[in-house]
1. Among the residues of region 97-123, what is the count of those that are closer than 24 Å to Glu154 by Cβ and without any contact (Cβ under 8 Å) to a residue 24 or more places away in the chain?
2. Which ranges mark the strands (runs of 3 or more DSSP E) fully within region 126-203 that have 1 or more residues being over 30 Å from Asn242 (Cβ atoms) and in the same structural domain as Ile230 (by TED's automatic domain parsing)?
3. With the structure loaded, tell me whether Gln73 is in contact with a Ser or Thr (Cβ under 7 Å, 6 or more places away or on another chain), without any contact (Cβ under 8 Å) to a residue 24 or more places away in the chain and under 24 Å from Ser48 (Cβ atoms) or whether it fails that test.
4. Would you be able to say whether some residue in region 220-228 is among the small types (Gly, Ala, Ser), assigned to a helix (DSSP H, G or I) and out of contact with any Leu (no Cβ under 7 Å at 6 or more places or on another chain)?
5. For region 213-226, indicate whether the set of residues that are among the aliphatic types (A, V, I, L, M) and either in contact (Cβ under 8 Å) with a residue 60 or more places away in the chain or under 19 Å from Val131 (Cβ atoms) (or both) is non-empty.
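The values are calculated or read from the model by the stated rules, or taken from the named source; none is laboratory data. As the structure is a computational prediction, the values presented were derived from the model and not from experiment. With ideal geometry, Cβ positions are generated from the backbone for all residues, glycine too; neighbour counts draw on all protein chains shown.
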Amino acid sequence: MDKVIDIEERIPTLRERRRKRTNRKFAALLFIFVTLLLVLLYSQSTYSEIQSIEVNGAELFDGESYKQASTLQIGDSMWSFNSDEIEGLLETLVWVESASVQKKWLTSVEVEIEEFVEMGYLDQGNNYQVVLSNGVVLNQPVSNIEGPIFSNFEDEAKREALVEQLVNTEPEVQNLISQIILDPEEERADYITIYMNDGNEIKAILSTLAEKINYYPSVTAQLEDQKGVIDMEVGIYFRSFNDVFGLPEAGVELEDAQEE
């Protein structure tokens, strides 16, 4: 015979389950309400505003210039801007290779700037202008020269070709370059003269500059402190300044340096 369950015995249990279910729903609704209230209060308070903007990586221009370019300002809402859009805005600057914008904590913004590298200085006659690794010339004169000077490179295509060669030149050799002069004559428009900080002079062709000048340390190691002209236009050939200026001394062929 089946056991008969008295419904009245189950009523307290059902009531307890219903009460717990109701409490859970109320707690969930209360949590959502409190969260929305806190978000609303936060968004209306000064704690939701930008209180500091930090710029890192600025070399060519000061941090304040980048703050202005970003359009971000102290007092703006932390949630009123899109980081990707600000990064894109900063990367439109021709001297900026990449930019990163991150929200830090609740009131700070951190801007990381990676600028194109300074490759040298364009000789403008009365002043010099910085040439970057993307070939761009900054439209502002400089007074402190800390790299090679580029003369007769006003033509953008020639300047970009030079920069491309220097990018592929070993840093230790780049640091020895004092000046690079492009031959202004049309028939020799790709020929260059390079003055080195150690006193030597190099004759080369622009299109093969990196390929040849990277042998420079090997070449000078064979010269035993002699100074002169190193011809790298075809092979690699050395003539001392005594020989160049008419004093009796033979030149030295140095093609073996390319085999090292």
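1. Residues that pass the stated criteria total 2.
2. 128-132, 137-142
3. no
4. The answer is yes; a qualifying residue exists.
5. Looking for residues that are among the aliphatic types (A, V, I, L, M) and either in contact (Cβ under 8 Å) with a residue 60 or more places away in the chain or under 19 Å from Val131 (Cβ atoms) (or both), one finds at least one in region 213-226, hence yes.
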